[in-house]
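Input: a single structure, listed below in structure tokens.
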Amino acid sequence: MHRVTPVLTTLIALLLGLMAIVINTGPSLATINDTTWESIGPEGGPANVVVVHPTTSSTLFAGTNAGVFKSTDGGTTWEYASNGLTSSNVEDVVINPITTTTLYAGTGRGVFKSVNDGANWVAVNTGLGNPNSGTSQINSLAINPTAPDTLYAGTWSGALYKTTDGGETWNEVYNKSNTQSWGIVVDPATPSTIYAAMWGFGIDGGVVKSTDGGATWNQMNTGLGNISAKVLVIDPTQTDTLYVSLNGEGIYKTTDSGANWTQINSGLGTLARYATALAIDPQAPDTLYLGAPDDGLYKTSDGGATWSKIDNSLNNSTVDFEYLVVDPTTSATVYAGLALGVHKSTDSGATWAAMNSGLNNISVTEIQIHPSITSTLYIGTSGNGLYKSENSGATWNPLTGGFENPAASDPFITALSIDPISQTILYAATSGHGIFKSMDSGDNWVAASNGLPFNPFVQSLAIDPVTPSTLYIGANTGVYTSTNAGDNWSLANNGLPTNTWVYQLVIDPTTPGTIYAGTGKGVYKSTDSGASWTEKNMGLLFATTISALVMDPTDPSILYLGYYAGVYKT
């Protein structure tokens, strides 16, 4: 009942005799050589689904791209609850309505089950097929409210599965190869009746229905336009009434159990017709909420006859809705699962507050420790800008001053560097917005891209350790150098291959005029501060993209690189 947001993560490990570099993009604990790492923030990240406990509404579960999280205080704080999950990408969570300590999670590697409130999980995938195939990539789950050992799972491949033994075994009950299943609904009054929203790449999409517990299925598309169905909800009191979101077509409603559908788009904007989240108030089922990417939040109080846009903090072009749910005991409380984390409203959607404490899923691209005040840390993120901690990571503050350009307000930080002598001076390299400079330890920033091409994709940044007013950057158009602390930049590509990206820059600390560049076509070396470059690819299997390049801190004549063909040493 939500949209899958694919996440692309790059993991490069370079093992040296004296160091290990590990990039961890999730909140899980990782143990390396008996050293345990724990997440210290900042908070945020995609929430694919939010589930309210059926009897204790202050208890919530969130399925995210980093696993399952649990809150026992209405979302104010969250704790990691993914022990045993072997897939971090959780797309749906359902709770047994009778034995409420039993939960199921639909993930990118099948279904997992917990019998202790999410403390531990085990895979229950027998019958779902290869864990790496589309048949085990679970988009949606639904549970029979009166016989909760019976569940249905919708998959990325379009197949629907059923279990009658609490997930111990699954059997395929429906399969159309040109579809994907995005939502399953069990009729609470007649649980043998099931509906599924199918995203169709031909004639097989739309809404399908079974009245015999999944044994047989029929399409229910009369009146529907586009048959790529995204979200499906049912009126819990009048179960012959359902609502479905069709991609680009908006919302349709049926009052005869799917036999006929009518479009109900009055008041919806064009972008709202691509709704990815839809929720019905179980206490007042004529009230529904709709969330659309790049558009915001809409609400109806008359069963969809008219929709109104709610003017609030979620009503902007940057909010990407994954899920909406109304508290079953308190109608004024609504939760939104967003690409920005979990948000909560206690006034029927009029105002919202972030509820992300403990949801640590910001993708960190760069970390810098202050060279003399080691309790001060800086991190760069992929699309969430810069953060600073002055207490060893216990708390973090965003650094936004100076990024006024709307396109760079939350930049993708590719590199950070601190002036080794004047340590209040920092430089930040971005992807698509050039270089920024701070003179006051990150509180304020100014653009420092004079001489760079328009919107360069800067990948690396290096400061001369002896003369820190001399800087080098690697970008999608080559190497640039500045000799006046970033006020002006000049192209320094003599000897580098044309039309290649420069991903890594390393300066020899004992001979600062010696620089190594890891490019899209191998390694190059300069001995004249970037004035000229020489290829240094002998011994490499392929002269291709260099992903990591580091220098031995005790012997600068030794370098290590990581790339497609493995780890190499000079």
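The values are calculated or read from the model by the stated rules, or taken from the named source; none is laboratory data. All of these numbers come straight from a predicted model, not from anything done at the bench. Here the Cβ is made from the backbone with ideal geometry for all residues, glycine too, and neighbour counts use every protein chain on show. For the accessible areas, the whole protein counts, side chains as well, though only heavy atoms, and no ligand, DNA or RNA atoms are used. Shrake-Rupley method; radii C 1.70, N 1.55, O 1.52, S 1.80 Å.
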Need one number: nm distance between label points at ILE98 and ASN175, each 7 Å from Cα along Cα→Cβ, rounded to one decimal. 3.1
The ³J(HN,Hα) series, computed from each phi in the stretch 47-58 with the Karplus coefficients 6.51, -1.76 and 1.60 at θ = phi - 60°, rounded to the nearest Hz and given as x for glycine or proline, is 10, 7, 7, 10, 10, 9, 4, x, 10, 10, 6, 7
One checks the Cα atoms of the stretch 87-229 and finds Rg and Dmax, in Å, of 14.3, 45
Evaluate the distance, in nm, between pseudo-label points positioned 7 Å from the Cα of THR86 and of ALA353 along their respective Cα→Cβ axes. 4.1
Whole-percent carbon and sulfur share, accessible surface of the stretch 53-97, 1.4 Å: 45
Computing the accessible area with a 1.4 Å probe over protein heavy atoms, can you report the carbon and sulfur percentage for the stretch 460-570? 52
Using alpha-carbon positions, the gyration tensor of the stretch 370-514 gives root eigenvalues a ≥ b ≥ c; with a/c under 1.5 called rounded, otherwise prolate if a/b exceeds b/c, else oblate, the class is oblate
Measure off 7 Å from each Cα along the Cα-to-Cβ vector at THR374 and ASP443, then give the distance between these two points in nanometres to one decimal. 2.6
Taking a threshold of 21 Å on the Cα-Cα distance, which of the pairs LYS437/LYS521; LYS536/LYS569; LYS70/LYS230 fall above it? LYS437/LYS521; LYS70/LYS230
In straight Cα distance, which aspartates and glutamates are under 19 Å from LYS299, not counting same-chain residues fewer than 8 positions off? ASP235, GLU249, ASP281, ASP286, ASP311, ASP320, GLU322, ASP327, ASP347
Assuming 0.36 nm per residue, please report the length gained on full extension of the stretch ALA394 to ASN260 beyond their Cα-Cα distance. 42.6 nm
Amide H contacts of GLY434 (H built 1.01 Å from N, under 5 Å, at least 5 apart or other chain): VAL458
Each residue of the stretch 153-161 in order: what ³J(HN,Hα) in whole Hz does its phi give by Karplus 6.51 cos²θ - 1.76 cosθ + 1.60, θ = phi - 60°, with x for Gly and Pro? 10, x, 10, 4, 7, x, 6, 10, 10
Starting from the coordinates of the alpha-carbon atoms of the chain, obtain the Kirkwood hydrodynamic radius over all distinct pairs and give the value in Å to one decimal. 25.8
Give the accessible surface of the chain per residue, rounded to a whole number of Å², with probe radius 1.4 Å and ligands, DNA and RNA excluded. 40
Farthest toward the dipole's positive end in the chain, which of SER58, THR100, GLY451, given Cβ charges of +1 (Lys, Arg) and -1 (Asp, Glu) about the Cα centre? GLY451
Three-way shape call for the stretch 280-356 based on the alpha-carbon gyration tensor, with the a/c threshold at 1.5: oblate
Around GLY304: net Lys/Arg minus Asp/Glu count, Cβ-Cβ under 12 Å: -1
How about LYS162: which lysines have a C-alpha closer than 19 Å to its C-alpha, ignoring those fewer than 8 places off in the same chain? LYS113, LYS176, LYS209
